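Accompanying notes for the structure given below.
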Amino acid sequence: MKYEVLHLKDYYPFLGEDNCDPTVEAYLPYNMTEMHRENDKRPCMIVCPGGGYGMCSQRESEPIALQFLPQGYNVFTITYSVAPHRFPTQLREVAALMELIYKNADEWNCDTEKIAIIGFSAGGHLAAHYSTMFDCKEVREVFPESKSVNASVLCYPVITADPDHAHMGSFYNLLGKKDISNEDIEYFSCDRNVKDSTPPAFIWHTAEDTCVPVMNSLLYAKACSEHKVPFELHIYPFGGHGSSTCDAQTLNTVSTGLAHANVWLSSLKNWLKLIGFTK
């Protein structure tokens with residue numbers, strides 16, 4: 001495995017504010033020369049860890065990347081800017097990473113028709129928000145040819161800004177205010193921005209999640225169904241928030257009920273095969 005840390009502002013100095021330094025950990029195969037010779041293009045996975053837009057959880061970064069490398073993916077984990085940096089900083093940083101992948105596709109052997117984004121908790125909001133709003137005016141102002149991902153994976157995601165079901169702390173950090181307007185609810189609730197062209201989604205959540213209610217995932221699945229966007233939804237009965245891989249690799253204690261939820265990874269890998277990402 002070849003591991004590189006990319007500083008997005010080295011490529012796009014206009015990103016964010018002076019004191020932010022969004023980085024990408026790129027996990028690429030060592031044998032690039034052999035792959036070039038065989039024209040072996042690899043699917044890509046962009047990883048967005050959670051943390052309520054106040055931090056980026058390490059438990060949802062490298063441990064997730066290591067799940068996809070053996071499956072033949074190039075993996076890019078993004079440590080995006082968090083509070084006090086506000087919207088649209090994070091969305092633009094994902095757009096910057098997408099442009100970087102496209103620009104280096106030949107060198108990195110990336111299949112640009114097979115780029116998926118996986119997000120956890122608030123990172124799930126970022127993944128879903130980019131999936132539905134990659135071409136919004138705030139992104140197109142700086143990336144006029146911003147590209148869509150081809151699939152999204154949403155893990156116990158923050159989806160809605162509606163106070164009835166929202167994780168409000170994520171939106172306080174993202175927007176820098178506590179008075180969320182009706183316009184904010186419409187614009188930042190990912191389920192309300194799903195379109196017929198939204199990429200396919202794999203979604204999972206636990207019913208016991210008291211931090212980000214399971215209704216978030218149900219709302220996104222409902223929106224996908226209404227727009228005939230292919231999706232797969234898994235709701236597991238047990239386990240709290242932030243379970244990551246649901247095993248001892250990322251958790252100190254793994255209950256019997258939570259151990260049941262770790263099948264999400266094998267289910268996801270089967271789904272990615274089903275939609276043609278891997279053989």
*Please specify each residue of region 122-139 satisfying the condition of being surrounded by fewer than 24 Cβ atoms within 10 Å (Cβ to Cβ) and among the aliphatic types (A, V, I, L, M).*
M133, V139
*Which residues, taken from region 243-257, are surrounded by fewer than 20 Cβ atoms within 10 Å (Cβ to Cβ) and either modelled with pLDDT of 95 or more or not hydroxyl-bearing (S, T, Y) (or both)?*
D247, A248, Q249, L251, N252, V254, G257
*Give, as residue ranges, the helices (runs of 4 or more DSSP H) completely inside region 137-237 that count at least 1 residues that are under 30 Å from G276 (Cβ atoms) and either without any contact (Cβ under 8 Å) to a residue 24 or more places away in the chain or out of contact with any strand residue (DSSP E or B) (no Cβ under 7 Å at 6 or more places or on another chain) (or both).*
137-140, 215-226
*Tally the residues that are in contact with a strand residue (DSSP E or B) (Cβ under 9 Å, 6 or more places away or on another chain) and surrounded by fewer than 18 Cβ atoms within 10 Å (Cβ to Cβ), restricting the search to region 72-104.*
3
*Exactly one of (1) more than 21 Å from M55 (Cα to Cα); (2) hydrophobic (A, V, I, L, M, F, W, C); (3) touching a Leu at 6+ places or on another chain (Cβ under 7 Å) is unmet by I159. Its number?*
(1)
*Quick one: would you say S225 is under 17 Å from the mean Cα position of the chain (by Cα) and either more than 30 Å from K103 (Cβ to Cβ) or β-branched (V, I, T) (or both)?*
no
*asked:* For region 161-177, give me each residue that is buried (at least 24 other Cβ atoms within 10 Å of the Cβ) and farther than 15 Å from G119 by Cβ.
replied: A161, F171
_One residue is enough: does region 105-116 have a residue meeting the conditions within 12 Å of C44 (Cα to Cα), touching a strand residue (DSSP E or B) at 6+ places or on another chain (Cβ under 9 Å) and small (G, A, S)?_
yes
_region 178-219 - residue that is among the polar types (S, T, N, Q), crowded, with 16+ Cβ neighbours inside 10 Å and out of contact with any Cys (no Cβ under 8 Å at 6 or more places or on another chain) and, of those, nearest to H165 (Cα to Cα)_ = N216
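The values are calculated or read from the model by the stated rules, or taken from the named source; none is laboratory data. Just so we're clear, the structure is a prediction, and the values are computed from it rather than from any experiment. Neighbour counts run over all protein chains shown; Cβ positions are idealised from the backbone, glycine included.
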